[in-house]
């Protein structure tokens with residue numbers, strides 16, 4: 001759903017960009033022929049600002065995809081960001097997997113190998129009847145009552161905000177489709193909902209079922225990994 005929304009948003013922005021460019025060209029031609037009205041002059045000044053807004057959004061999206069922080073703001077780096085992201089994508093791409101029957105290069109076969117590997121890796125194992133003796137830890141190594149109270153007390157708004165604002169704002173979007181920049185920019189608007197969610201988690205009322213789902217991506221650690 002998030003991908004579909006993103007694709008539609010890109011298409012909408014591209015259409016708007018073309019329409020604005022055409023409108024600006026028409027106004028510029030009219031300016032050469034006659035004196036524009038006040039309304040037309042106002043529009044002539046506004047169109048470049050609207051185009052700058054779209055270009056800025058495209059640059060932010062490209063920068064998020066590239067995850068490159070060492071860049072200059074408002075320098076029209078979009079092409080550079082795409083190049084960085086594509087280069088990273090090529091480096092991380094696994095071209096072939098090797099199994100007992102030989103090399104597998106087709107996408108479906110590689111996916112089956114990866115799924116089987118991690119299904120076995122994370123499969124439920126029989127519990128081994130081993131436990132620590134009651135005196136394994138020394139008394140001074142145990143958690144004190146004061147430390148336990150600190151660890152189990154409810155979350156505060158200050159510590160949640162500290163974590164949110166300490167994160168890189170323009171990194172890749174999370175499962176909800178937005179980056180940390182959204183939470184930082186609109187903190188005053190959404191902080192009460194965030195605090196309510198953390199309180200539900202603290203009291204054991206938050207549905208954590210989806211945390212058991214994961215997306216596994218194969219990333220080669222060395223060149224030519226199989």
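Points worth noting:
Residues checked against (1) part of a helix (DSSP H, G or I); (2) loosely packed, with under 12 Cβ neighbours inside 10 Å:
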residue	(1), (2)
8	yes, yes
12	yes, yes
17	yes, no
22	yes, yes
27	yes, no
30	yes, no
35	no, yes
44	yes, no
52	yes, yes
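- Among (1) modelled with pLDDT under 85; (2) assigned to a loop (DSSP other than H, G, I, E, B), the one test that residue 98 misses: (2)
- The stretch 20-44 - residue that is within 40 Å of the chain's Cα centre (by Cα) and modelled with pLDDT of 85 or more and, of those, nearest to residue 177 (Cα to Cα): 43
- Enumerated helices (runs of 4 or more DSSP H) restricted to the stretch 140-226, each holding at least 1 residues that are surrounded by 12 or more Cβ atoms within 10 Å (Cβ to Cβ) and touching a residue at least 12 places away in the same chain (Cβ under 8 Å): 157-166, 180-185, 187-202
- Output for the stretch 31-62, where each listed residue is in contact with a helix residue (DSSP H, G or I) (Cβ under 7 Å, 6 or more places away or on another chain) and free of Cβ contacts under 8 Å to residues at least 12 places away in the same chain: 36
The values are calculated or read from the model by the stated rules, or taken from the named source; none is laboratory data. Bear in mind that the values here come from a model prediction, so they are computed numbers and not experimental data. Positions of Cβ are backbone-derived with ideal geometry, glycine not excepted, and every protein chain shown enters the neighbour counts.
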